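The values are calculated or read from the model by the stated rules, or taken from the named source; none is laboratory data. Because the structure is predicted, anything quoted here is derived from the model rather than measured. Glycine gets a Cβ as well: all are built from the backbone with ideal geometry, and neighbour counts include every protein chain shown.
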Amino acid sequence: MSVILTEAEAKALLEKVIKLSQADECVVNLQGEIRGNIRYARNEVSTSGNLTNKNLVVQSAFGKKVGVATIDEFDDTSLEKVVRRSEELARLAPENPEHMSVLEPQQYGKSNGYFESTARVTPEVRAEAVAKSLELAGQDNLTSAGFLENRAGFSALMNSKGLFAYYPSTGVNFSLTVRTDDGTGSGYVIRGYNDFSKLDTVSASRIAVQKARGSVGAKALEPGKYTVILEPTAASVLLENLYYDLDARSADEGRSSFSKPGGKTRLGEKIVDERVTIYSDPSHPELPASPWSGEGLPQSRVSWIEKGVVKNLAYSRYWAQQKGVKPVPFPGNMIMEGGSASLDEMIKSTKKGILVTKLWYIRQVDPQTLLLTGLTRDGTFYIEDGQIKHPVKNFRFNESPIIMLNNVEALGKPERVVSTESNQSYMVPPMKIREFTFSSLSDAV
Amino acid sequence: MGIGGMMMLPVLGHATSPESFLDSAMDVAVKKRLADAALNAAKSKGATYTDVRIGRYLNQYVITREDKVQNIVNTESYGVGVRVIADGCWGFAAIVDAKSEKDTAKAAEEAVAIAKANARLMKSPVILAPQKGFGEVSWKAPIKRNAFEVPIQEKVDLLLGVNDAAMKNGANYVNSLLFMVNEQKYFASTDGSYIDQDIHRMWPIFAVTCIDPKTGKFETRQSLSAPVGMGYDYLQVNPADKVTGITTRYNKGYDMLEDVVAAAQQAKEKLSAKSVEAGKYDLVLDPSHLWLTIHESVGHPLELDRVLGYEANFAGTSFATLDKLKSGNFNYGSPEVTLFADKTQEGSLGAVGWDDEGVKTKRWDLVKDGTLVNYQAIRDQVHILGENESHGCCYADSWSSVQFQRMPNVSLAPGRTPLSVQEMIKDVKKGIYIIGDGSFSIDQQRYNFQFGGQLYYEIKDGEITGMLKDVAYQSNTQEFWNSCVKVCDEKDYRLGGSFFDGKGQPEQVSAVSHGSSTTRFNGVNVINTARKI
């Protein structure tokens, strides 16, 4: 049997598994994927590989006693074995009062995340894409290190009430760090698409080369509060920490940045600048995502923050029932709206500021205020009178994305970026922020 | 790049019922046959070196909050990974559920095809340090009680008891988790090794939250346990494993129930603790905290692949460049500082008999009496150091991941002069005593870092005067280790560690321990982290 099943093949297999169930309820998830990658450093390839993976997850429930078992073999005996194992585990488990009965069949929207151009990529195609990057990024006095990975896969779901869901997807990510041989300059670029044909390793590599050369001879500025322009790659790693915190239950329980004293939450409250609007939408053409959540809830367009006001928090099915509201699953993508200005236009309109290419090693310092720390990396520049004047030494920052989004000066045109912390893709605008807090200097290049 | 989230669970793997974990592992003779098929197939396609890893990876999680068991998960993952050198270039391929010779041969052929496709992007061929074959050998972690054989009910009872104790002692919320790992790994190579290993790890953790209803402020306190290379015996309470003081800390046995009672009381105490005044302090760092600072500021910068630039696009490079080693006098720390690598330490996360490229494990010095003396290196790197024997620290987190240089246990040697924690604190005029690990971040060349903890106590004129909050310290690696003035003796030596050290593309995790005794650092910059939103 192949690794990537068609919708009809997946449905037939899942029906066969469900028929074996003797539990009160049964949910079966099926996934398969093929991945290929090439990694290079010191201007030559280092490690690379291919991987195939496929697995079946069976959850059985007797009342509120639940067991999960999975398997990666697909003959009849193995299918019978995995169903019996999950039932056996369910009998061993204590009752979970929070367990919810399986969903009725649902209707899902369309989302096109699968591209043949990506599924057809071979080791030779990857090597060629990297060779083109190396021609540029491995030239005079530059050392490059990069990574290209493509993936094709599917996920499917069926339960004992007849719910069925299927979603095929593909993806390619390419990232590159170019350093000057003397170690005084470093530049970075990252690109992610569902469609491999959109990937241009040459134009991407050109950006990393330019940043590497431009960052040589960095001058030290005193730490303190500065106006910054965060490129979308830099902004995404701060924003995603805000996204992770959009959980209604933690907010209701009084232990998140969306909590307020007395068991209240910030739902419905304006928490950031009115130019900030953030939503999720699985059918977004540039950032398609699965139209269903892991347990089969439909993913539709959800407004999370609209004109600065918190419009929605994520409610699990259990918590939604407790609170008498509709469940809202955690989204599969996130889109932050912006304006129409390009990054260059934003630089031109800046009297004094710092341009940040990338932020690194982001960690939460205080969950109450969402205070984060981390450092700038691979291209940090001083802007004066609308022009990049010179590179600056890297800073450590201590800043909260909530405070940051209250200090918005301008938002540019959103673009698809890949988080360098989580590898998730987002739509994020470049953003100009005043009073961004840099707390110390770093000698790192 | 660094340690991942402490409560993060790997998504790879397949769940099975507890009973299935008692199935005997695949017969060694079968593994040898599968491995030989891959070795032969790769050779016939032109590989000059091949290794095969056949892996069965088992995890179990028992996850609870307050009075509820949220989930019991058993995962199992089986497959084969084949690595080759062909045309002077590495190639790797992995196949799930590869149980026939045809499957393993196919993986070998794919790996050779990848190596050949990429060889044109090589400037010079891979140089592999020679390695003698060990024949058919095995290694088993010296566990006393296999966690996978402990009934689910016993684990559930422990965690619900822990949660109940937290709630009775003032917690508003408590999450607790038992995380158990068993790696059954078989390695074969064209050097003539057939190595069968059975590795066990264990991590009991909790987080307690207390909320002030009037102000809406909340504080947490996480467990002071360490992840260990042990079985369920780590949860065997033994008074000899307890270190008493301002709060009890633990060595080779963990009293989860006792720790959670203290945690609930301390989380509450934190709500009204004094907010720290920013400035310079002498820091007294407990091993439950210092392990992470060692990990980030010593373990990572001394990985040779970073030093050479192989991690430049992800985990970063290193300030500790080759010229600093070659100088023979690079002052990494004060003369009190000796840091060593060790893949043999019993009960540690990194302990194995052989690494994932068939090299016998050992102990070696990285920083000796303050001076940089070595790195961590594997077979395709040691020639750069002028050595011809790998250090034995190659690892892959799954059959599906390619093995590469990973951090061994890296530890601070205890002080040679007898010194207790109490005696150390007695000499501190203005200081902070930090227990437990918290927030952490370091730059990509490992100069500038910032760390928080779980518990902060103010020291004034040799006495602990009370609890502080909103504390984080910032420093520079070389400056910090040169500010080390005293290390307590071996009686205080304990291990900390993590299951989730992240590195590589595609990213892999690795489990690693770091030992130390309580250590004093003078004049470190402390910031106040309180903000208003």
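A few comments on the model shown:
- Leading residue by the ranking (farthest from B:Tyr49 (Cα to Cα)) among those in region B:84-103 that are in a loop (DSSP other than H, G, I, E, B) and more than 10 Å from chain A (Cβ to nearest Cβ): B:Ser100
- Put simply, of A:Glu98, A:Glu73, A:Glu104, A:Glu9 the only residue that is more than 27 Å from the chain's Cα centre (by Cα), part of a loop (DSSP other than H, G, I, E, B), on the phi < 0 side of the Ramachandran plot and without any contact (Cβ under 8 Å) to a residue 12 or more places away in the chain is A:Glu73.
- All of (1) under 20 Å from A:Lys161 (Cα atoms); (2) facing chain B (nearest Cβ under 9 Å) hold for A:Pro97 with one exception: (1).
- Filtering region B:41-83 to residues that are away from chain A (no Cβ under 11 Å), farther than 18 Å from B:Glu357 by Cα and of a type in the set (A, V, I, L, M) leaves B:Ala41, B:Leu58.
- Leading residue by the ranking (farthest from B:Tyr254 (Cα to Cα)) among those in region B:165-177 that are in contact with a Lys or Arg (Cβ under 9 Å, 6 or more places away or on another chain) and crowded, with 24+ Cβ neighbours inside 10 Å: B:Ala171
- Single residue of region A:161-176 satisfying the filter (in contact (Cβ under 8 Å) with a residue 60 or more places away in the chain and not in a strand (DSSP E or B)) that is surrounded by the fewest Cβ atoms within 10 Å (Cβ to Cβ): A:Lys161
- Residue check, A:Tyr279 buried (at least 17 other Cβ atoms within 10 Å of the Cβ), among the hydroxyl-bearing types (Ser, Thr, Tyr), at negative phi and outside any loop (DSSP other than H, G, I, E, B): yes
- Residue within region B:125-142 that is under 30 Å from B:Ala188 (Cβ atoms), in contact with a Phe, Trp or Tyr (Cβ under 9 Å, 6 or more places away or on another chain) and part of a helix (DSSP H, G or I) present: no
- Of the residues B:Ile63, B:Ile85, B:Ile72, the single one that is more than 20 Å from A:Gln31 (Cβ to Cβ), at pLDDT below 95, in contact with a helix residue (DSSP H, G or I) (Cβ under 9 Å, 6 or more places away or on another chain) and buried (at least 20 other Cβ atoms within 10 Å of the Cβ) is B:Ile72.
- Within the set B:Leu322, B:Leu257, the sole residue that is within 14 Å of another protein chain (Cβ to nearest Cβ) and surrounded by fewer than 23 Cβ atoms within 10 Å (Cβ to Cβ) turns out to be B:Leu322.
- In region A:141-160, the residue that is surrounded by the fewest Cβ atoms within 10 Å (Cβ to Cβ) out of those that are within 30 Å of A:Val27 (Cβ to Cβ) and more than 27 Å from the chain's Cα centre (by Cα) is A:Ser160.
- Among residues of region B:486-533, those that are away from chain A (no Cβ under 14 Å), over 21 Å from the mean Cα position of the chain (by Cα) and not charged (D, E, K, R), counted: 5
- Failed condition for A:Ser205, given (1) among the small types (Gly, Ala, Ser); (2) more than 23 Å from A:Thr373 (Cβ to Cβ); (3) free of Cβ contacts under 8 Å to residues at least 12 places away in the same chain: (3)
- For A:His284, the conditions (1) touching a strand residue (DSSP E or B) at 6+ places or on another chain (Cβ under 7 Å); (2) more than 14 Å from every other protein chain (Cβ to nearest Cβ); (3) closer than 21 Å to A:Val428 by Cα; (4) buried (at least 20 other Cβ atoms within 10 Å of the Cβ) are fulfilled apart from (4).
- Test for A:Ala212: is it buried (at least 18 other Cβ atoms within 10 Å of the Cβ), more than 13 Å from every other protein chain (Cβ to nearest Cβ), in a helix (DSSP H, G or I) and in contact with a Lys or Arg (Cβ under 9 Å, 6 or more places away or on another chain): no
- Hits in region B:35-60 (condition: of a type in the set (S, T, N, Q) and either crowded, with 20+ Cβ neighbours inside 10 Å or assigned to a strand (DSSP E or B) (or both)): B:Thr50, B:Asn59, B:Gln60
- Failed item in (1) in contact with a Leu (Cβ under 6 Å, 6 or more places away or on another chain); (2) more than 14 Å from chain A (Cβ to nearest Cβ), with B:Tyr232 passing the rest: (1)
- Some residue of region A:103-123 being under 30 Å from B:Gln381 (Cβ atoms) and facing chain B (nearest Cβ under 10 Å): yes
- Unmet criterion (only one of (1) among the hydrophobic types (A, V, I, L, M, F, W, C); (2) away from chain A (no Cβ under 14 Å); (3) part of a helix (DSSP H, G or I)) for B:Ile384: (2)
- Pick from region A:420-438, criterion crowded, with 20+ Cβ neighbours inside 10 Å and within 18 Å of B:Gln444 (Cα to Cα), ranking: farthest from the other protein chains (Cβ to nearest Cβ): A:Phe438
- Selection count where residues are surrounded by fewer than 24 Cβ atoms within 10 Å (Cβ to Cβ) and within 17 Å of the chain's Cα centre (by Cα), scope region B:204-223: 1
- Selection within region A:347-367: residues that are more than 12 Å from A:Lys389 (Cβ to Cβ) and β-branched (Val, Ile, Thr). The member of this set that is surrounded by the fewest Cβ atoms within 10 Å (Cβ to Cβ) is A:Ile362.
- Number of residues in region A:383-406 that are of a type in the set (Val, Ile, Thr) and at the interface with another protein chain (Cβ under 10 Å from one of its Cβ atoms): the value is 2.
- Filtered residues of region A:248-264 (kept if within 21 Å of A:Leu372 (Cα to Cα) and either at the interface with chain B (Cβ under 9 Å from one of its Cβ atoms) or not in a helix (DSSP H, G or I) (or both)): A:Gly254, A:Arg255, A:Ser256, A:Ser257, A:Phe258, A:Ser259, A:Lys260
- Hits in region B:155-197 (condition: under 16 Å from B:Leu58 (Cβ atoms) and assigned to a helix (DSSP H, G or I)): B:Lys155
- Residues that are at the interface with chain B (Cβ under 9 Å from one of its Cβ atoms), farther than 22 Å from A:Ser175 by Cβ and out of contact with any Leu (no Cβ under 6 Å at 6 or more places or on another chain), drawn from region A:365-382: A:Asp366, A:Pro367, A:Gln368, A:Thr369, A:Leu370, A:Leu371, A:Thr373
- Among the residues of region A:16-51, those that are more than 22 Å from the chain's Cα centre (by Cα), in a strand (DSSP E or B) and at the interface with chain B (Cβ under 7 Å from one of its Cβ atoms) comprise A:Tyr40, A:Ala41, A:Glu44, A:Val45, A:Ser46, A:Thr47, A:Ser48, A:Gly49, A:Asn50.
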